[in-house]
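Let me begin by presenting the structure, written as structure tokens, before commenting on it.
Just so it is clear, none of the values below were taken in a lab; they were calculated from the coordinates. What you are looking at is a predicted structure, and each value in this text was computed from that prediction instead of being measured. So basically every Cβ, Gly included, is an ideal-geometry build from the backbone, and we count neighbours across all protein chains shown.
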Amino acid sequence: MKTLIIYSTKHGTTEKAANILKSKLIGEVHTVNIMQEPVTSIEDYDTIILGGSIYIGKIQKKLSSFININLPLLLEKKIGLFICAGEEDEVLKEKEFVLAFPPALFDHAIGKEVFGFEFDMNKLSFFEKLIMGKVKGIKTSINKLSEEKIYAFAEIMVRDNGVHK
């Protein structure tokens, strides 16, 4: 099994999650931070896992554009989707997750999970800190990234090792 994890990250949490996930998958696994390097080809991969963080209610534009351009080919692959999101309200969190990806891709994916979030105040800009304090009431760093959810997601992706159609 050959797997490609394509992710976008603003402050590093999604990268951290992608690396934990990579360590739990079997076979040949590559990661690409689409914010820093282009994805050259996905044809040779059996499984594609796409992940990003939700920032002001949306996933990063580079990841979204990549998905839209490559949607027909992605729909021929075994797909996993994840986000890192700081929304605590379960209904809003699920809405953000569903809206982060095209409906056809979301329906096609065999693995789907919200891995949680972390806010490292040292990595946030003054404006971001101000927003976090006013909107979320968060004034100190917080880590709610769930390794348990990442491990469970990895098990789903490994268990179904055939191409999902």
Exercise. What is the local net charge at Leu21, summed over the other residues whose Cβ is closer than 12 Å to its Cβ (Lys, Arg +1; Asp, Glu -1)?
Worked result: 0
Problem set entry | Among the listed pairs Lys2/Lys144; Lys77/Lys144; Lys62/Lys95; Lys2/Lys93; Lys2/Lys58; Lys2/Lys95, those beyond 26 Å (Cα-Cα) | Lys2/Lys144; Lys77/Lys144; Lys2/Lys93; Lys2/Lys58; Lys2/Lys95
Exercise. Computed FRET efficiency, Cβ-Cβ of Asp89 and Asp44, R0 45 Å: what is it to the nearest 0.05?
Worked result: 0.65
For this session: Report the full-extension gain for the segment Thr31 to Ile56: residue separation times 0.36 nm, less the Cα-Cα distance, to one decimal in nm.
Result: 6.5 nm
